[in-house]
Amino acid sequence: MRQAAQSVEADNMPPLGIYLHWPFCSAICPYCDFNVYAAHKNTADPQDWLAAYRAELTYAHGLRPVGPVHSVFFGGGTPSLMPAELVGDILNHIDALWGLAVHAEISLEANPVSAPAPHMHKLRQAGITRLSLGVQAFDDAALRFLGRTHSADEARRAFDAARAIFDRASFDLIYARPDQSLDDWQKELSAALALAPQHMSLYQLTLEPETPFHARARHGKLALPDEEVAADLFELTQSLCTAAGLPAYEISNHAAPAHICRHNQAIWQGGDYAGIGPGAHGRLTLDGKKHASLALRQPQEWLTACREKGHGWELNKLSDAEAAEEAVMLGLRLTDGRPLAALAAQGVSFDKAHLVALQEDGLLMARDDCLQASDKGRLLLDYIIGRLLA
Ligand SMILES: C[S@@+](CC[C@H](N)C(=O)[O-])C[C@H]1O[C@@H](n2cnc3c(N)ncnc32)[C@H](O)[C@@H]1O
Ligand code: SF4
C-alpha cells in the first residue's frame, strides 16, 4: 500500500515523526493519568475518527510540509482497540501527505487482552511494524493490584504472538511497587529477560495526582518503596539488563542496539513530531523556531474542532530559553547524552565553568565533546539543568 517516499528532506530541518493518540481503554488503571476514557464512552464511529485524524494531519502538513515521515507512533490509551482499517487509512493519508520513509518505524501500543493474534495480523497488514505491549507485571497478584485485566500467562502468550507477527516487539513493566523487595524484582525481571526480549520499557511506579492510587496513598493505604529502596531497585534493573545485553539507552528504556525505538530516540534528540489526536503534544520547527502544539483533550471537543476548523490544536512558539532547556533535558535522558555541537545547533549555550563544575561533582561525564549525565546525574536532571543553564 505504501509508496517509497520521494520527498526531499531539507538539510536544516530535524527529522519528522508523527505521534497519534487514541484516548480509549477497556478499563482505566488506578495509577494512570494519561488522557484516557473508558472505551464505552466512545460514541463516534470510525469514519468520524478517520475524518478528524485526516483533517488534523492535513493541517500539520500545511504548517510543516517537508518530509518524509521517519516514524509513526500510535499511543494511548490503548490504540490496539482501533479498527485495523482505521490504522491503515491513517497511514495511507500520512504517506500521501509527506511520504513515509522506506524503512519507517510504525509502532502501536497494545494491551495484552485487546490484541488477539488475528487482530495483530490485521494491524501488521495495515502497516504496523512494531508492537509495544503493556504487560506491567509478570506476577498475577501484582497485576490484580495494578487493576489489570490480564494474567501473566496471557501477557506471555501475547508477547510470543507479537514477536511472531511484527518486525519488532517490546513490553512495558512497572516496578518499585509497594512492598516489592529486591528479591521479588530480581525474580520477576529475570523471568522477563528469560523471554529474550529485544526492547523493554521499565518504569518505576509513580503516584500521579488525581488518580485512585494517589488517593489511597493520601489515606495511608498505599506506600511506595522509600528512596533508598527505589535506588537499589533501579541499580538492580541496570545490572540485570546490561548483563542480558539490554542496556538502558534512556532512563527507562532498554534495548539491544538494533532495537532502540527510533521514534522516541529522535524526539529525545530534538526531532520534530506532529502530535495528532485528543490531548496529543507535538513539537514542530516552523520558521527556524520550535513550536509546541497541544490538542484539545476531550475526545468530543477535539472531534468537533476538527470537523469545524480542521484541527484541535493550540500552537505556541517556545522562547529560546524554553527550547534550550528542553533540548538539554531530553538529551540528558539518553545514556549517550548529546554532542555539544548538536546542542549548539539547537541554540543551546552555557558557561563552560558550569559544565566543568558538574563534571567535577560526578553528575556529568568528563567529556569535551558531549553533554552526558553520569548514572548518578541521570536521576537528578532538574538539578543539573538548573546549574548548567543558570
Ligand atoms: C499508554 S500505556 C501502554 C499501552 C496500554 N495502554 C497498556 O497499558 O497496556 C503506557 C505505559 O505507561 C506506563 N505507566 C502509566 N502510568 C504509570 C505510572 N503511574 N507509573 C509508572 N508507569 C506508568 C505503563 O507501563 C504503560 O504501559
Ligand atoms: S496504563 Fe494503559 S490501559 Fe491503563 S489506563 Fe493507562 S493507557 Fe489505559
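Quick check on region 237-390: take the gyration tensor over C-alpha atoms, sort the square-rooted eigenvalues as a ≥ b ≥ c, and tell me if it's rounded (a/c under 1.5), prolate or oblate.
oblate
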Go ahead and run the numbers for FRET between residue 218 and residue 365, Cβ-Cβ distance against an R0 of 35 Å, rounding to 0.05. 0.35
Lysines whose Cα lies under 29 Å from that of residue 187, excluding same-chain neighbours fewer than 8 positions away: 221, 376
Additional length obtainable on full extension of the chain from residue 307 to residue 44, 0.36 nm per residue less Cα span: 93.4 nm
Which Cα, out of 155, 379, 270, lies furthest along the positive dipole direction of the chain (beta carbon charges, K/R +1, D/E -1)? 155
Ratio of the Cα radius of gyration of region 320-390 to 2.2 N^0.38 Å, where N counts its residues: 0.95
Let's test this: bin the Cα-Cα distances of the chain at 10 Å from zero up to the farthest pair and state each bin's percent. 5, 22, 31, 28, 13, 1
Rounded to the nearest 0.05, FRET efficiency between residue 191 and residue 287 (Cβ-Cβ, R0 41 Å) equals 0.20
What size of dipole, in debye to the nearest 20, comes out for region 302-354 about its Cα centre when the only charges are +1 on Lys and Arg C-beta atoms and -1 on Asp and Glu C-beta atoms? 160
Sorted by chain and number, the residues with a modelled amide H under 5 Å from that of residue 364, at a separation of 5 or more or across chains, are 359, 374
In region 114-191, chymotrypsin sites (Phe, Trp or Tyr not before Pro) in a DSSP loop with at most 15 other beta-carbon atoms within 10 Å: none
Gaussian network model of the chain, Cα springs within a sub-10 Å range: biggest mean-square fluctuation belongs to which of 30, 209, 68? 209
Using helices alone, what [θ] at 222 nm do you get for the chain, with -39,500 (n - 2.57) per DSSP H run of 4 or more residues, divided over all residues and rounded to the nearest 500? -12000 deg cm²/dmol
Report the label-to-label distance for residue 34 and residue 231 in nanometres (one decimal), using points 7 Å from each Cα along the Cα→Cβ vector. 3.1
Using modelled amide H (1.01 Å from N, peptide plane; none on Pro or chain starts), what sits under 5 Å from the amide H of residue 24, excluding residues fewer than 5 places away? 37, 78
Rounded to the nearest Å, the spacing of the alpha-carbon centers of region 255-281 and region 209-237 is 27
Amide H to amide H under 5 Å from residue 175: which residues, 5+ apart in sequence or cross-chain, H placed 1.01 Å off N in plane? 203, 204, 205
Rounded to 5, percent antiparallel among DSSP beta bridges of the chain: 40
Rounded, prolate or oblate: pick one for region 245-329, where a ≥ b ≥ c are the square roots of the eigenvalues of its C-alpha gyration tensor, a/c under 1.5 means rounded, and failing that, prolate if a/b is larger than b/c, else oblate. oblate
Quick one: what are the phi-derived ³J(HN,Hα) couplings along region 116-132, Karplus 6.51/-1.76/1.60 with θ = phi - 60°, whole Hz, x for glycine and proline? x, 3, x, 5, 4, 4, 5, 5, 4, 5, 6, x, 5, 10, 9, 10, 10
What residue among 150, 259, 354 shows peak mean-square fluctuation when the chain is described by a Gaussian network model with Cα springs under 10 Å? 354
How large are Rg and Dmax for region 135-290 when only the alpha carbon atoms are used, in Å? 17.4, 53
Among 289, 352, 41, which one shows the highest mean-square fluctuation when the chain is modelled as a Gaussian network with alpha-carbon springs under 10 Å? 352
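Every number in this text was worked out from the coordinates using simple rules, so none of it is lab data. Note that the structure is a prediction, hence the values are computed from the model and not measured. Backbone-built Cβ (ideal geometry, glycine too); neighbour counts: all protein chains shown.
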